[in-house]
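Participant: Take a look at the following structure, please.
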Amino acid sequence: MATDIVQKRPPLMSLDEALDFVFKDVAVVAEHESVPTFEADGRVLAQSLVSQLQVPPQDNSSMDGYAIRVEDLTSAGARLKVTQRIPAGHTGHALSAGEAARIFTGAPIPAGANAVVMQEDAQLDSSPSTPEVSISVTPSLGQWIRRSGEDVTRGAVVLAKGTRLDPAALGLAASIGVAQVNVVRRPRVALFSTGDELVMPGDVSPQDMRPGAIYNSNRFFLRALLVRAGCDVTDLGIVPDHLDATLQVLKDAATDHDLILTSGGVSVGEEDHVKPAVEALGRLNLWQISMKPGKPFAFGFVNSDTSQGQKKAHFMGLPGNPVSSFVTFQLLVRPFLLALQGVAAVRPAPYRVQANFDFAKPDKRREFLRVKRNQQGSLDLFPNQSSGVLTSVVWGDGVVDNPGAQPIQSGDWVDFYPFAEWLQ
Ligand code: AMP
Ligand code: MG
């Protein structure tokens, strides 16, 4: 029997441990800026928004119809004198006994009125000198009235510090009169890809590709993902697989970026220079996670040139395989970038969904399988789960988070993360 030399190495860090590690290191961007609410989509509030008014400001009608006093309508077919007309944006005057006000959606309820009858339940008679309306229903107290403050009360925190603004939040901010918001400065991220095999689309046509060359796909989705996560991106292009070149780019980028994000070059090959370069210029706090795809994920920091006054940038190195790069971005980089902007709850939370597939041979690592929801609401599996097959990510609309070594049978409930939430 051959001698088995089992190389003992410490077990890889789990994804949760890695996330703890990454979050422990986050220094929230301290600079804030005031931006027009119109331009604040995707920005993170540096200050809570407190309402100085009630929304709606007054009780108002939620229907086109007649504002009435319920006590006047005790008998069916009662007639009321229509003594005023209140369109939205105008105010009426107090309603006396036996009177109704013609009212429109959004118009303030006049004093004395305590319900609105919709116009479909009312018959107007314009022949008398003061028109009259007969009401065919017995209204209940308060019907079709939107109450002052039912949306927002004065003094309420409408949007808390650390909220990432989305279109609905912009509308809510506007509803309390906020035209400018204080937000956290966008994180500045330097991005580069490594790999001598990489060629840019447009530089070389598909017919002219030399053997061994591939197009740089990671650069395209990583840049777009960074922008969606609210970052200012400095795209440094492709850095050759040389230690010196890698050192120089890292050192320069550390002077004015919060994060340096790379793809490729963090495995164990001789051509993988990113890891040693980071170790030479700063520190690698974490390298390799027990997950599939995405094992070669690196995290640490890089110091700038001392002549630049010794600045420091966070460093995240993603694997070169496109699917690994995509998945580690979503599970580690995006939460980190949100935390950097002061967003509180950044860990992705899964949904429980039923699998519509069998997965008999799980990896021993925690695995993220590209799947798509079908019409029945269960999940179909992309047949090729290789970390190089980017088609799986485009076809899929999310990933199943499968614990290590756990086979899946059709009908099993699994943890599912929809991509849609990660692309916001
Ligand atoms: P690496 O992590 O550098 O060892 O790369 C792993 C695999 O991913 C190799 O097959 C690379 O050719 C491929 N790869 C690396 N970077 C990219 C990129 N930017 N776009 C597409 N494929 C890449
Ligand atoms: Mg490489």
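Participant: Looking only at residues that are in contact (Cβ under 8 Å) with a residue 40 or more places away in the chain and under 19 Å from the mean Cα position of the chain (by Cα) in segment 367-399, which one is farthest from residue 346 (Cα to Cα)?
Facilitator: The residue in question is 393.
Participant: So, in segment 288-316, exactly how many residues are more than 23 Å from residue 340 (Cα to Cα) and within 16 Å of ligand 1 (Cβ to nearest atom)?
Facilitator: The number of residues fulfilling the criteria is 4.
Participant: Would you check which residues across segment 311-323 are touching a strand residue (DSSP E or B) at 6+ places or on another chain (Cβ under 7 Å) and either under 9 Å from residue 263 (Cβ atoms) or among the polar types (S, T, N, Q) (or both) and list them?
Facilitator: Matches in segment 311-323: 317, 318, 320.
Participant: Moving on to the next point. Which residues, taken from segment 112-153, are of a type in the set (D, E, K, R), within 11 Å of residue 59 (Cα to Cα) and in a strand (DSSP E or B)?
Facilitator: If the condition is that a residue be of a type in the set (D, E, K, R), within 11 Å of residue 59 (Cα to Cα) and in a strand (DSSP E or B), then 146 is the only one that fits.
Participant: Moving on. Given the criterion in contact (Cβ under 8 Å) with a residue 40 or more places away in the chain, among the aromatic types (Phe, Trp, Tyr) and part of a loop (DSSP other than H, G, I, E, B), identify the matching residue among 357, 326.
Facilitator: The conditions single out 357.
Participant: Can you tell me how many residues in segment 99-120 are within 18 Å of residue 75 (Cα to Cα) and exposed (fewer than 14 other Cβ atoms within 10 Å of the Cβ)?
Facilitator: 0
Participant: Taking the criterion of being under 29 Å from residue 404 (Cβ atoms), within 16 Å of ligand 2 (Cβ to nearest atom), touching a helix residue (DSSP H, G or I) at 6+ places or on another chain (Cβ under 6 Å) and part of a loop (DSSP other than H, G, I, E, B), would at least one residue in segment 276-294 satisfy it?
Facilitator: Checked segment 276-294: at least one residue is under 29 Å from residue 404 (Cβ atoms), within 16 Å of ligand 2 (Cβ to nearest atom), touching a helix residue (DSSP H, G or I) at 6+ places or on another chain (Cβ under 6 Å) and part of a loop (DSSP other than H, G, I, E, B).
Participant: Testing residue 302 on (1) over 27 Å from residue 389 (Cα atoms); (2) surrounded by fewer than 14 Cβ atoms within 10 Å (Cβ to Cβ), one condition comes back false. Which one is that?
Facilitator: Answer for residue 302: the failing condition is (2).
Participant: Restricting to segment 222-238, count the residues that are assigned to a strand (DSSP E or B) and touching a Ser or Thr at 6+ places or on another chain (Cβ under 7 Å).
Facilitator: Of the residues in segment 222-238, 1 are assigned to a strand (DSSP E or B) and touching a Ser or Thr at 6+ places or on another chain (Cβ under 7 Å).
Participant: In addition: Among the residues of segment 383-424, what is the count of those that are in a loop (DSSP other than H, G, I, E, B) and away from ligand 2 (no atom under 16 Å from the Cβ)?
Facilitator: Within segment 383-424, residues that are in a loop (DSSP other than H, G, I, E, B) and away from ligand 2 (no atom under 16 Å from the Cβ) number 19.
Participant: Kindly check whether there is at least one residue in segment 306-323 that is closer than 21 Å to residue 227 by Cβ and in a helix (DSSP H, G or I).
Facilitator: Checking segment 306-323: at least one residue is closer than 21 Å to residue 227 by Cβ and in a helix (DSSP H, G or I).
Participant: Still on this structure, I have one more. Does segment 226-240 contain at least one residue that is assigned by TED's automatic domain parsing to the domain that holds residue 336, within 14 Å of ligand 1 (Cβ to nearest atom) and at pLDDT below 95?
Facilitator: yes
Participant: Another question about this same structure. When the residues of segment 241-287 are filtered to those that are among the basic types (Lys, Arg) and in contact with a Phe, Trp or Tyr (Cβ under 7 Å, 6 or more places away or on another chain), which remaining residue is nearest to ligand 1 (Cβ to nearest atom)?
Facilitator: 275
Participant: Could you tell me whether residue 318 is closer than 30 Å to residue 255 by Cα, out of contact with any Phe, Trp or Tyr (no Cβ under 7 Å at 6 or more places or on another chain) and not small (Gly, Ala, Ser)?
Facilitator: No.
Participant: Given (1) more than 16 Å from ligand 1 (Cβ to nearest atom); (2) not in a helix (DSSP H, G or I), where does residue 339 come up short, assuming only one miss?
Facilitator: Here residue 339 clears every test but (2).
Participant: I would also like to ask the following. Step by step: first the residues of segment 30-50, then only those that are among the hydroxyl-bearing types (Ser, Thr, Tyr) and not in a strand (DSSP E or B), then the one that is farthest from residue 169 (Cα to Cα). Which residue is that?
Facilitator: Across segment 30-50, the extreme among qualifying residues is 48.
Participant: For the subset of segment 209-225 comprising residues that are aliphatic (A, V, I, L, M) and surrounded by 21 or more Cβ atoms within 10 Å (Cβ to Cβ), which member is farthest from ligand 1 (Cβ to nearest atom)? Show your work before the answer.
Facilitator: Applying the first criterion (aliphatic (A, V, I, L, M)) to segment 209-225 yields 209, 213-214, 222, 224-225.
Among the residues that remain, those that are also surrounded by 21 or more Cβ atoms within 10 Å (Cβ to Cβ) are: 222, 225.
Numbers: 222: 8, 225: 13 Å.
Among those that are aliphatic (A, V, I, L, M) and surrounded by 21 or more Cβ atoms within 10 Å (Cβ to Cβ), it is 225.
Participant: Suppose we keep only residues that are free of Cβ contacts under 8 Å to residues at least 24 places away in the same chain and away from ligand 2 (no atom under 16 Å from the Cβ) within segment 212-239. Which one would you say is nearest to residue 301 (Cα to Cα)?
Facilitator: So, considering only residues that are free of Cβ contacts under 8 Å to residues at least 24 places away in the same chain and away from ligand 2 (no atom under 16 Å from the Cβ), the one nearest to residue 301 (Cα to Cα) is 227.
Participant: Just the residues that are assigned to a loop (DSSP other than H, G, I, E, B), farther than 30 Å from residue 340 by Cα and within 13 Å of ligand 1 (Cβ to nearest atom), please, taken from segment 172-208.
Facilitator: Selection gives 196, 197, 200.
Participant: Residue pairs, Cβ under 7 Å, 6 or more apart or interchain, first in segment 167-184 and without any contact (Cβ under 8 Å) to a residue 12 or more places away in the chain and in the same structural domain as residue 38 (by TED's automatic domain parsing), second part of a strand (DSSP E or B) and crowded, with 19+ Cβ neighbours inside 10 Å. List them.
Facilitator: What qualifies is 169/159.
Participant: Turning to a different aspect of this structure: Just need a number here: residues in segment 240-267 that are within 11 Å of ligand 2 (Cβ to nearest atom) and surrounded by fewer than 24 Cβ atoms within 10 Å (Cβ to Cβ).
Facilitator: 3
Participant: Just for segment 330-376: of the residues that are small (Gly, Ala, Ser) and either touching a helix residue (DSSP H, G or I) at 6+ places or on another chain (Cβ under 7 Å) or within 30 Å of residue 31 (Cα to Cα) (or both), which one is surrounded by the fewest Cβ atoms within 10 Å (Cβ to Cβ)?
Facilitator: Among those that are small (Gly, Ala, Ser) and either touching a helix residue (DSSP H, G or I) at 6+ places or on another chain (Cβ under 7 Å) or within 30 Å of residue 31 (Cα to Cα) (or both), it is 349.
The values are calculated or read from the model by the stated rules, or taken from the named source; none is laboratory data. What you see is a predicted model, and the numbers here were worked out from it, not measured in a lab. Note: ideal-geometry Cβ built from the backbone for every residue, glycine included; neighbour counts use all protein chains shown.
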